[in-house]
Structure formats: structure tokens, C-alpha cells
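The values are calculated or read from the model by the stated rules, or taken from the named source; none is laboratory data. Since this is a predicted model, take the numbers as computed values, not measurements. Here Cβ is always computed from backbone atoms with ideal geometry, including for glycine, and neighbour counts include all displayed protein chains.
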């Protein structure tokens, strides 16, 4: 089952593979697109592209920072040997210097050890292909931990969005019910006004019907509420489908806000106008939550 996921998350993995202890940390924050930054030790820099690809395979949106360090437990395999010829050459030259210039002979092991090429360091050849495979195995563990956290947060976001969607549907139903009553109230006020003005003169019923029909057309919100309901159903379907839906939801929210604004402009009744304000407030909360969804 594909889940809705948050863009923010954290994951960490520490694993020793073939004598090397890898530590991988990932963290992410909201971002419109995928922006991945990888920090590796110089000895592993050749694997940067592979790490970015592993991240791309798991994450589609967000600013992701990856930190990787390695500690080798195979230091004993490194052999340091004394270059005797080089050391003897330095030693002889230093003694000659002391004698020739009459300076104090303070030659020591620490002084000699700092001379270039006195020691030869032999390191075992590194199988970069195997090293990369070892490193990526730990990266994938960290990504799994990271993804689990995003899924947990995503589930909470999904629950919140569904709840707010249900609240908006309830408010829309109130607007639909109140809209019809607004027309009835308008006709009653119009009829009473005409009776007051015309006194004993017979009232033109057809005129009242015409005026009421014109008013009803101006304040009708049926089309807008039908579209708003449809958008809310789309949102629920997206949440059910899961996956990277954040940007789609963002576009859908723009359409919902457009319908809510149109409904608000048609509502002449103060009570209905307040309900529309509540709808807009819920849509704004949904929009804020949507910014956190991948």
C-alpha cells in the first residue's frame, strides 16, 4: 500500500561492514523540488552520485541532507616501514651541519621522523566497487528508517486532512440549505414591502415571482458547491492513492479556494457569510498541512 508521506524526516544507521564502521544520517525539510546534499569523507567521494541516486529512488520532494562517516577497523593492515637509506642520509647531513657550523647537535627521533620520505606507508588496495556496495547498504538502512518516520507523520497528516474535509462538507451542506431559505426570506420581504407601499392596491404576483427568480439566480451557489464537493472527493481519492501528491493537492486547494470565494461573494445573508468564513479557515489549514506532504 502506497502511503502519504511527510517531507520532513530523520533517519540514522550505523553498521560495520567488511571491517569498516559506516554512520549515515539523513534529515529533510520542506522544499518545492528534490534538493539533495551529500557530505562524504574524501576517501568515499567517488560514491556521491550513487548516494544521490539512492536518495532519489526513495524521495521525490524535499531538501535532503545526507551525512556519512566511516571508521576503518582494518588499520593493522596498513604497514609503515622505515626508509633506512633516507634516514641515514638525513642523519649524516645533520651531523655534518652541526660540525661545520658549530651548532648544537639536537638530532632526535621526532626531528628525523618529520623529514620527507623517512617512512614508507603501504596501504592495501581498495576495491572501490565493494566499498561502494558496503556503503550503500548502510545508506539504504538509514533511508528505511527515514522513510518510516515520514510515513508515520504522513499518516497523521492524512487523518487531519480527511477530518477537515469532512468539516467542510458539513459546512457546505449548511450553505446549500441556507441558500434556499435566503430566497424564501427575500420573497417574503419583497411581498411585505410591496403591500406596505401599494396599501390596498392588488399586488402583481408575477412581478414578485420574477424579482424572486432574478434574486435566486444571483445568489445561487449550486454550481460552486457541487464543484467544491467534487474537489473534496478528489482530495480523498488522492489521499487513498498515496505517493507524492503534495503538489497536486496544492493545485487542487487553489481551485477549492476559488469556489469558496465565489460562494462568499454570492452570500448576502450574514449567517451564511460566517459559514463561508469557516470554510475558508478550514481550507487554509488544509493548505498549511499540504505544504508538509511530499
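Looking only at region 106-144, count every residue that is part of a helix (DSSP H, G or I) and in contact (Cβ under 8 Å) with a residue 24 or more places away in the chain and tell me the total. Explain how you work it out, then say what you get.
The initial filter retains those residues of region 106-144 that are part of a helix (DSSP H, G or I), namely 109-113, 128-144.
From what is left, the residues that are in contact (Cβ under 8 Å) with a residue 24 or more places away in the chain are 112, 128, 130-132, 134-144.
The number of residues fulfilling the criteria is 16.
Determine whether region 269-287 contains at least one residue that is modelled with pLDDT of 90 or more, outside any helix (DSSP H, G or I) and either closer than 30 Å to residue 29 by Cβ or under 24 Å from the mean Cα position of the chain (by Cα) (or both). It would help to see each step written out before you state the result.
Taking region 269-287 and keeping what is modelled with pLDDT of 90 or more, we get 274-287.
Filter again for outside any helix (DSSP H, G or I), leaving none.
Checking region 269-287: not a single residue is modelled with pLDDT of 90 or more, outside any helix (DSSP H, G or I) and either closer than 30 Å to residue 29 by Cβ or under 24 Å from the mean Cα position of the chain (by Cα) (or both).
Six or more apart or on different chains, Cβ atoms under 6 Å: show the pairs whose first residue is in region 41-68 and at positive phi and whose second is part of a loop (DSSP other than H, G, I, E, B).
Hits for this filter: 62/7; 62/31.
List the strands (runs of 3 or more DSSP E) that sit entirely inside region 1-90 and contain at least 2 residues that are farther than 30 Å from residue 288 by Cα. Reasoning before the result, please.
Numbers: elements: 9-17, 20-29, 34-39, 62-72, 79-82.
Where strands (runs of 3 or more DSSP E) fall fully within region 1-90 and carry at least 2 residues being farther than 30 Å from residue 288 by Cα, they are 9-17, 20-29, 62-72, 79-82.
What are the residues in region 1-45 that are over 19 Å from the mean Cα position of the chain (by Cα), over 14 Å from residue 138 (Cα atoms) and modelled with pLDDT under 95, if any? Break it down into steps so the answer makes sense when it comes.
From region 1-45, those over 19 Å from the mean Cα position of the chain (by Cα) are 1, 13-24, 39-45; that's our starting set.
Checking which are over 14 Å from residue 138 (Cα atoms) leaves us with 1, 39, 41-43, 45.
Passing the criteria: 1, 41, 42, 43, 45.
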